[in-house]
Amino acid sequence: MNIFHIADLHLGLRFKNHPEASEALVQARYDTLDKLVTLANDKNTEIFAITGDLFDRTSLKISDIQKAVQKINKFEGNVALVLPGNHDYITEDSQIWDRFKKEAGENVLVLDKQEPVDLSEYDLNAAVWPALCHAKHSAENTIGWVKNEDKDPGKVHIGIAHGSIEGVSPDFNQQYFPMTVRELNNSGVDIWLMGHTHITWPDKPGKKDIIFNPGTPEPDGFDCNHEGRAFLHTIGDDKTISTEILSTGTYRFRKMERDLNSASDIDKLLKEFGDDEYSHTMLKLAVSGRLEPELYEQWREKRHSIREAVLELKLDDTELRQKVTEEQIRKEFTEDSFPEKLLSSFSQSEEDELQMAYELIKEVQK
Ligand SMILES: [Mn+2]
């Protein structure tokens, strides 16, 4: 039995801090959902599991909910299981889930109750144990009931939960349905399909692992250091699990730091952005160093080419300074004035001290 396992797509995320790229990033999450369903179909998976936070919030434009359901309806396997997470939690009258259920195809199932679901009606010898979210925050997890229930040993038992895992995801205030590995291991299921943490855990699945958290399938910010991930689990007749990590995202958020002290440093940096490798990258670039005035001007003239090569650039080059030259000192300060005498007194080996004194004087003069 194969399970295609995704979590934390956060459809409807607005990316307000990324004005130039927001439109592309908003759309990307829907396109990625298409890609995921196609991939799951190509791999002939029986189960498509979405383990929470499919949506970023509890109300969304009807057309956006429809768009999502229609994509999931295209899953060709036995059943698509959708768990409400803490961002798209379910209540008595839940706009997204009421609409979702109206539009859902017959093999798309919202896990909206705390009770086991027998999958034999979908031709699968398995049962699902959902631990869903009824609120954005909770100090209590919802997996406790699972361990006390009788389980048919002839079936594969699939736990599905959303929340933080101790030691895996930070949850300092214990407000995201906190669970421990021990609790999960002791609940008597064969596999736990988890969601909530945006990183992949375990990132090298081994033979003994039964708890899996795929991470977001489409990168969503500078905290996301992977390319967007999904899991493909294969459960054997003896209930052994083998898991493949799939790369699924389109956009990347990258942080870079570069030191520029020469013409070749500048060339090298600009060359990195010469091809279209970075056209789907949100780049946070911090540049530091000291450049001769002429090179500094060159940098200011040429840096726009980086902006053009990436989807959005957040550039901080305030730590990149012009080297102070004798010529500049003579030009800027009257001969024999205090600043001129002070700045001229530094030897060649005291470049840093000269730079500091120059900046202090300029600061005072403001
Ligand atoms: Mn979550």
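Across segment 207-256, the qualifying residues are those that are aromatic (Phe, Trp, Tyr) and closer than 26 Å to Asp316 by Cβ, and the one among them that is least open to solvent (accessible area, probe 1.4 Å) is Phe253. Taking segment 42-76 as the range and being of a type in the set (D, E, K, R), within 16 Å of the ligand (Cβ to nearest atom) and on the phi < 0 side of the Ramachandran plot as the test, the residues that pass are Asp56, Arg57. Scanning segment 169-189 for residues that are surrounded by 18 or more Cβ atoms within 10 Å (Cβ to Cβ), assigned to a loop (DSSP other than H, G, I, E, B) and more than 19 Å from the chain's Cα centre (by Cα) yields Phe177, Pro178, Ser187, Val189. Which of the residues belonging to segment 59-88 are farther than 17 Å from Arg29 by Cβ and of a type in the set (Val, Ile, Thr)? Selection gives Ile62, Val79.
For segment 143-168, the candidate set comprises residues that are in contact (Cβ under 8 Å) with a residue 24 or more places away in the chain, assigned to a loop (DSSP other than H, G, I, E, B) and over 26 Å from Glu46 (Cα atoms); within that set, the residue that is farthest from the ligand (Cβ to nearest atom) is Val168.
Any residue that is part of a loop (DSSP other than H, G, I, E, B) and either open to solvent by 40 Å² or more (accessible area, probe 1.4 Å) or more than 16 Å from the ligand (Cβ to nearest atom) (or both) - is there at least one of those in segment 23-41? Checked segment 23-41: no residue is part of a loop (DSSP other than H, G, I, E, B) and either open to solvent by 40 Å² or more (accessible area, probe 1.4 Å) or more than 16 Å from the ligand (Cβ to nearest atom) (or both). Just the residues that are in contact with an Asp or Glu (Cβ under 7 Å, 6 or more places away or on another chain), closer than 17 Å to Leu9 by Cβ and hydrophobic (A, V, I, L, M, F, W, C), please, taken from segment 75-131. The answer is Ile90, Ile96, Trp97. Would you confirm, using the coordinates I've provided, whether Ser63 is modelled with pLDDT under 95 and over 23 Å from the mean Cα position of the chain (by Cα)? No.
Of the helices (runs of 4 or more DSSP H) lying entirely inside segment 298-366, the ones with 2 or more residues being of a type in the set (Val, Ile, Thr) are found at 351-365. Where residues in segment 63-106 are among the basic types (Lys, Arg) and free of Cβ contacts under 8 Å to residues at least 24 places away in the same chain, which of them is most open to solvent (accessible area, probe 1.4 Å)? Ranking the qualifying residues of segment 63-106, first place goes to Lys102. Check whether at least one residue in segment 331-353 is surrounded by fewer than 12 Cβ atoms within 10 Å (Cβ to Cβ), closer than 30 Å to Val26 by Cβ, at pLDDT 90 or above and not assigned by TED's automatic domain parsing to the domain that holds His18, and report yes or no. Taking every residue of segment 331-353 in turn, none turns out to be surrounded by fewer than 12 Cβ atoms within 10 Å (Cβ to Cβ), closer than 30 Å to Val26 by Cβ, at pLDDT 90 or above and not assigned by TED's automatic domain parsing to the domain that holds His18. The set of residues from segment 257-296 being assigned to a strand (DSSP E or B), farther than 15 Å from His226 by Cα and open to solvent by less than 30 Å² (accessible area, probe 1.4 Å) comprises Leu285, Val287, Gly289, Leu291. Take the residues in segment 120-140 that are assigned to a loop (DSSP other than H, G, I, E, B) and open to solvent by 30 Å² or more (accessible area, probe 1.4 Å), then tell me which one is nearest to the ligand (Cβ to nearest atom). By that ranking, first place goes to Lys136.
Could you tell me which residue of segment 1-14 is farthest from the chain's Cα centre (by Cα), considering only residues that are more than 14 Å from the ligand (Cβ to nearest atom) and open to solvent by 20 Å² or more (accessible area, probe 1.4 Å)? For segment 1-14, the residue satisfying everything is Met1. For the criterion of being out of contact with any helix residue (DSSP H, G or I) (no Cβ under 6 Å at 6 or more places or on another chain), surrounded by fewer than 21 Cβ atoms within 10 Å (Cβ to Cβ), assigned to a strand (DSSP E or B) and modelled with pLDDT of 95 or more, Leu109 passes. Do you know which residues across segment 46-62 are in a loop (DSSP other than H, G, I, E, B) and surrounded by fewer than 23 Cβ atoms within 10 Å (Cβ to Cβ)? Of everything in segment 46-62, those that are in a loop (DSSP other than H, G, I, E, B) and surrounded by fewer than 23 Cβ atoms within 10 Å (Cβ to Cβ) turn out to be Glu46, Asp56, Arg57, Thr58, Ser59, Leu60, Lys61.
Yes/no matrix, rows are residues, columns are (1) among the charged types (D, E, K, R); (2) in the same structural domain as Asp267 (by TED's automatic domain parsing); (3) within 19 Å of Arg254 (Cα to Cα):
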| position | (1), (2), (3) |
| --- | --- |
| Pro293 | no, yes, no |
| Glu297 | yes, yes, no |
| Ile306 | no, yes, yes |
| Ala309 | no, yes, yes |
| Arg321 | yes, yes, no |
| Glu326 | yes, yes, no |
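Among residues of segment 169-210 being in contact with a helix residue (DSSP H, G or I) (Cβ under 9 Å, 6 or more places away or on another chain) and within 16 Å of the ligand (Cβ to nearest atom), the one that is farthest from Tyr89 (Cα to Cα) is Trp192.
The values are calculated or read from the model by the stated rules, or taken from the named source; none is laboratory data. It should be emphasised that the depicted structure is a prediction, and the values quoted were computed from it without experimental measurement. Virtual Cβ from ideal backbone geometry, glycine too; neighbours counted across all protein chains shown. The accessibility values were calculated without ligands, DNA or RNA, using every heavy atom of the protein model including side chains. Shrake-Rupley method; radii C 1.70, N 1.55, O 1.52, S 1.80 Å.
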